[in-house]
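Only the coordinates and a few stated rules stand behind these numbers; no lab work does. Treat the numbers as computed from the prediction; the structure is a model and nothing was measured. Here the Cβ positions follow ideal geometry from the backbone for every residue, glycine too, while neighbour counts run over all protein chains shown.
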Amino acid sequence: MGGNIFKDLAEPIALENIEPTLKAYKTRLAEIFPMKAISFQFFELVGSGGKKEISGDLDIAIDWTLIVRHFTKTEIEKWGVDYDKWEKRYTKISKRARTATDRMCKMRALLEEIKEIMFQAGIKVGGKSTAGNIFTCFPQFDEMGITNKHVQIDWMVGDAVWLRWAYYSHGEPNLKGLHRTQFIVAAFSEMNKTFNHFEGVKEKGSSEWTITSPSEAVECLSKLYGPLSIEQTYTFKDLHSWLSKSASKQTYNAVIERYLGILKLAKAEVPSEIRLELTI
């Protein structure tokens, strides 16, 4: 989900190599952060990783409470982070924040500190950390051990239930997970709402995440456009069918226009269902 950050090093990973690679990854993290070793056992693969024979990268989700429940000196230092250094970073981030909540600012500061420790320990890191991301590059392993290949592994930190839904990928043929999720993003955006993969949904310009569960998100979309079930949100095909049948032609076109803009920025292919309509 972080894009191809390590273009000159990371390569796609075969399905059979995902399990040994993640096992080695979690073992290495436990060595670097021994007081948080148990937390890494709760990493779970989200997105399209493991659903196809070849995955471009690996997205691993973890509930934010397993990173830190309370931003106390004791909990911060379990990560080997200097509390005063973290607090100084948090203060700087907080002063620049416009709509981020206080917890988001604190979490971003902590993840940036964790990222620095990982780098010092020899794990390749990159990209810009947020309140929910760390982007890393790690050697690939197979059943015999380490290989000469690497793979991008991205942390997704947030509410575990929300993350599973926000990053869900059915593995639709010729489509990526982003095709489904960004369709949801476009639908909310057209109604002046911001969808966030880690936090939930809020009114644009607000700092309050008023929708923080998949059921609430589905209920909101149902009110905005027409009846929608949670099962219909798992694939682009079902979401597109729902919107085309439930919304007015004007509203449908407005959402699709936003969606096409998102796909263009992501340099992603336009789904055949929409390409067909554009030629009619």
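Remarks
- J(HN,Hα) series, segment 183-200, from Karplus relation 6.51 cos²θ - 1.76 cosθ + 1.60, nearest Hz, glycine and proline x: 5, 5, 4, 5, 5, 5, 4, 4, 9, 6, 10, 9, 9, 10, 4, 9, 10, x
- Summarising the amide proton neighbourhood of Glu11: residues at separation of 5 or more, or on other chains, whose placed amide H is nearer than 5 Å comprise His150, Val151, Gln152.
- Amide H contacts under 5 Å for Lys124, placed H, 5+ residues apart: Cys137
- Principal-axis tilt of helix 214-225 within the chain, Cα atoms, nearest 10 degrees: 30
- Nearest 10 degrees, 0 to 90: helix 83-96 Cα axis against the chain principal axis: 30
- If you count Lys pairs in segment 97-196 whose Cα atoms are under 18 Å apart, skipping same-chain pairs closer than 8 places in sequence, the total is 5.
- Furthest towards positive pole of dipole, Ile211, Leu15, Ala100, structure part the chain, Cβ charges: Ala100
- Given +1 at the Cβ of Lys and Arg, -1 at the Cβ of Asp and Glu and no other charges, the dipole of the chain around its Cα centre is 880 debye to the nearest 20.
- Fraction of beta bridges assigned by DSSP in segment 42-164 that are antiparallel (%, nearest 5): 70
- Comparing Lys115, Lys52, Lys249 in a Gaussian network model of the chain (Cα springs below 10 Å), the most mobile by mean-square fluctuation is Lys249.
- Evaluating 6.51 cos²θ - 1.76 cosθ + 1.60 at θ = phi - 60° for every residue in segment 159-171, the Karplus couplings come out as 6, 4, 5, 5, 4, 4, 6, 4, 9, 4, 9, 7, x Hz, glycine and proline recorded as x.
- Alpha-carbon centroids, segment 60-113 and segment 127-185: separation in whole Å: 22
- GNM top mover of Arg164, Arg28, Arg69 - the chain, alpha-carbon springs below 10 Å: Arg69
- Convex hull volume per residue in cubic angstrom - Cα atoms of segment 206-260: 100
- The Cβ shell under 9 Å around Ala160 holds other residues with a net charge of -2, Lys and Arg each +1, Asp and Glu each -1.
- Per-residue extension of 0.36 nm, minus the Cα-Cα distance of Glu219 and Glu53, leaves a gain of 56.3 nm for this segment.
- Counting neighbouring beta carbons within 10 Å and listing from fewest to most, the residues Asp63, Asp84 come out as Asp84, Asp63.
- Once the Cα gyration tensor of the chain is diagonalised, semi-axes √(5λ) in Å: 33, 24, 15
- Candidates Thr65, Thr235, Thr74, ranked by Gaussian network fluctuation over the chain, Cα under 10 Å, top entry: Thr74
- Residue-wise HN-Hα coupling along segment 125-142, computed from phi with Karplus coefficients 6.51, -1.76, 1.60 (Hz; x: Gly, Pro): 10, x, x, 9, 5, 10, 6, x, 10, 9, 10, 10, 10, 9, x, 7, 10, 10
- Expressed to the nearest 5 percent, the antiparallel share of DSSP beta bridges inside the chain is 75 percent.
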